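The values are calculated or read from the model by the stated rules, or taken from the named source; none is laboratory data. As the structure is a computational prediction, the values presented were derived from the model and not from experiment. Methodologically, a virtual Cβ is constructed for each residue, glycine included, from the backbone with ideal geometry; neighbour enumeration extends over all protein chains shown. For accessibility, only protein heavy atoms count, side chains too; no ligands or nucleic acids. Shrake-Rupley method; radii C 1.70, N 1.55, O 1.52, S 1.80 Å.
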Amino acid sequence: MAARRFVLFDLGGVLLTPGPQAAFRRLEETLGLPGGFLLNVFVKSGSDGPFAQAERGQIPFSQFVTEMNKECKAFAEESGINLPETFSMEPAFHGMFDDGGINKPILKAAIMLRNNGFKTCVLTNNWVDDSPNRNRTADIFSFLNNHFDLVIESCRVGMRKPEKRIYEYALKKLKADPQETIFLDDIGANLKPARDMGIATVLVRDTDEALKELQDLSGIKLIDSEEVKPPSADPDTVPHGYVTIKPGVKLHYVDMGNGPVICLCHGFPESWYSWRYQLPALAAAGYRVIALDMKGYGESSAPPEIEEYSQQQLCQDMITFLDKLGISQATFIGHDWGGAFVWNMALFYPERVKAVASLNTPFFPPDPEIKTSEKTKANPLFDYQIYFQEPGVAEAELEKNLERTIKIFFRGPGEKDKLAPFISSGSVCERGGLFVGLPEKVPRSSILSESALQFYVSQFKKNGFRGPLNWYRNMDRSWEWTVKAHNWKILVPALMVTAEKDPVLLPVMTTGMEKRIPNLTRGHIEACGHWTQMEKPAAVNDILIKWLGEVHSASVPSKL
Ligand code: CPU
């Protein structure tokens, strides 16, 4: 028998719960109507009545409601039921999913199947929604379009379940055979024609039961499986933007979603792509997410001068970037060097910063008595930063074999292989190089897929490591700038997320941050090393979305 490789999901009642039938019951209860009244009217109106017409897209929702109200009145009269003068069935469709919403375990299963090479499809009977509530429908469909390979809406294709031709249409679009396909619906009558065609069907009454059946049919472990990786932004299809901040210098960014602006600032040696698992999740949560290639990286310009990468210059660049995009305020989230940078944005430009969050990087206020270069020399963990000072030296080592460089950097904590779990950041000067003593052939870590590795390599091919290393070469220039704020407080809403196993930015380094950031919120991720966003993407997304919701509560309703 052919292996099942395609899965069709019904929407209302399967992916969204509790579904239309529960909404009908609620309206019946509110109006004191006999149970099943509305369903009876629907059944009676038949396969050419207003509901079927709406589902085939022949009439929009508003017209369907007018017609259906007439039918309800006629049916009530016939059956001696008292309908209030003002009766309308429209409220049954209002907030139909407000009690529940997306069925998370089913969505998780759909994502896992897709991550395992299955093609996933939503097959829904729906209508053209011109109701005042249509923005919610828009949120739902734009979310589905991003999480499934295909979304088939009956009202767009002029056919509806249980007509056989809509199943044939779905199979043709997916290039699937019935024997390769599984279909989940909560209405038995919708499953019947599909089953007759040879499609495996699952009647969804109870989520756990349905998942068991889906697991057996697909052969993929869907229950009690490990944390599922959230969907990733794809460099080829995500929207890209470019802002020229001065002649010859541009910043490149990726731009997803709609709502209050969030700027994501990556660290060394990374890319906008380090936020690939955060972009779709934050966009779906109701934000416009801008993930930059920081100056010196990827498709952004990489001027050669060291001063171009001072914290003062980088912050000024960011202000110009916001101005040119017409963005007055944004929430800044940074990791590693991006974290150090966003703390400075909050300190020096609080007007432009709605809120600030840092992954791994503590807020290190400058010591007015001791220059940063001296402080760095005194910390053995930061010895690599001293090695990075001499222009050209680390460039030569890191650019020699880009694939090896990226494979060495991006490793999780305690990965058992011939390499040390992480490059040793100490004694680098003494060893005469960061990679000295490491083998020529290095295995790729499980946190980095082959395509992610190739993407990072392609990005560093463009401008090499000079710009990125220049971020380290402004220690005392940036110290002089920041020292005037050595005792200023950060009062914008702030979040510090520590990563238990980061070997360079240790959680303990954040002790005492509350003195300077009195309203600091904290998050902590266990068993997480330095590359937080790709090591623990679901945990990062959960922490960020919860905190963003608190910070933006007045302006952002939760989307789904
Ligand atoms: C690890 C070990 C050696 C060399 C490079 C790395 N991050 C990768 C992590 C480098 C880093 O240096 N971050 C800075 C950010 C600003 C504060 C100091 C640390």
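When each of the peptides 79-87, 501-509 is scored by how many other beta carbons lie within 10 Å of its residues on average, the order from highest to lowest is 501-509, 79-87.
With +1 on each Lys and Arg Cβ and -1 on each Asp and Glu Cβ, and nothing else charged, work out how big the dipole of the chain is about its Cα centre, in Debye to the nearest 20. Each step should come with its number before you reach the end.
Details: 62 positive and 69 negative charges, 153 e Å.
Roughly 740 debye for the chain.
Counting only alpha carbon atoms, the long axis of helix 207-218 and the longest principal axis of the chain meet at about 80°. Annotation: amide H-H contacts under 5 Å for C265 (H modelled 1.01 Å from N, sequence separation of 5 or more, or interchain): I333, G334, H335. To put it simply, the accessible area of the chain at a 1.4 Å probe is 51 percent carbon and sulfur.
Can you work out the FRET efficiency for the pair Q312 and D542, with r the C-beta to C-beta distance and R0 = 30 Å, to the nearest 0.05? Let's see the in-between values first.
On the way: r = 35 Å, r/R0 = 1.15.
With R0 = 30 Å, the Cβ-Cβ based efficiency is 0.30.
Spin-label model, S553 to N40: label points 7 Å out along the Cα-to-beta-carbon direction sit 4.6 nm apart. With each label modelled as a point 7 angstrom along the Cα→C-beta vector, the H94-Y242 pair spans 5.0 nm.
Modelled spin labels at K172 and H524, positioned 7 Å past Cα toward Cβ, are 5.9 nm from each other. Phi-derived couplings, Karplus 6.51 cos²θ - 1.76 cosθ + 1.60 at θ = phi - 60°, listed residue by residue for region 120-134: 10, 9, 9, 10, 10, 7, 9, 9, 6, 9, 10, 7, x, 8, 5 Hz, with x used for Gly and Pro. The length gained on full extension between E29 and N145, counted as 0.36 nm times the residue separation minus their Cα-Cα distance, comes to 38.3 nm.
Cβ neighbours within 10 Å, averaged per peptide: list 117-123, 66-72 in order, most packed at the top.
Details: 117-123: 19.9, 66-72: 16.7.
Top to bottom by mean Cβ count within 10 Å: 117-123, 66-72.
Taking the Cα centre of region 7-66 as origin and assigning +1 to Lys and Arg Cβ atoms and -1 to Asp and Glu Cβ atoms, the resulting dipole is close to 40 debye. Can you classify region 115-258 as rounded, prolate or oblate using the Cα gyration tensor, where a ≥ b ≥ c are the square roots of its eigenvalues, rounded means a/c under 1.5, and otherwise it's prolate if a/b beats b/c and oblate if not? Prolate.
In deg cm²/dmol, rounded to 500, what helix-only [θ] at 222 nm does the chain give when every DSSP H run of at least 4 residues adds -39500 (n - 2.57) and the total is split over its residues? Provide the component values of the computation, followed by the final result.
On the way: 24 runs with 222 residues, N = 560.
Computed ellipticity for the chain at 222 nm equals -11500 deg cm²/dmol.
Checking every one of the trypsin sites (Lys or Arg not before Pro) in region 189-261 against DSSP loop status and a limit of 12 other Cβ atoms within 10 Å picks out R205, K221.
The H on the amide N of G523, modeled in the peptide plane, is under 5 Å from the matching H of M496, V497, T498, each at least 5 residues off or on a different chain. Short-range pairs are left out: with C-alpha atoms under 8 Å and at least six residues apart, the relative contact order of region 274-344 is 16 percent. Bridges between two residues of the chain, per DSSP, are antiparallel at a rate of about 25%. The listed peptides 158-170, 356-368, 30-42, ordered by packing as a protection proxy, come out as 356-368, 158-170, 30-42 (highest mean of other Cβ atoms within 10 Å first). Summarising the amide proton neighbourhood of A355: residues at separation of 5 or more, or on other chains, whose placed amide H is nearer than 5 Å comprise T331, F332. About the centre of its Cα atoms, region 34-163 shows a dipole size close to 620 debye [charges on the beta carbon of Lys, Arg (+1) and Asp, Glu (-1) only; nearest 20 debye].
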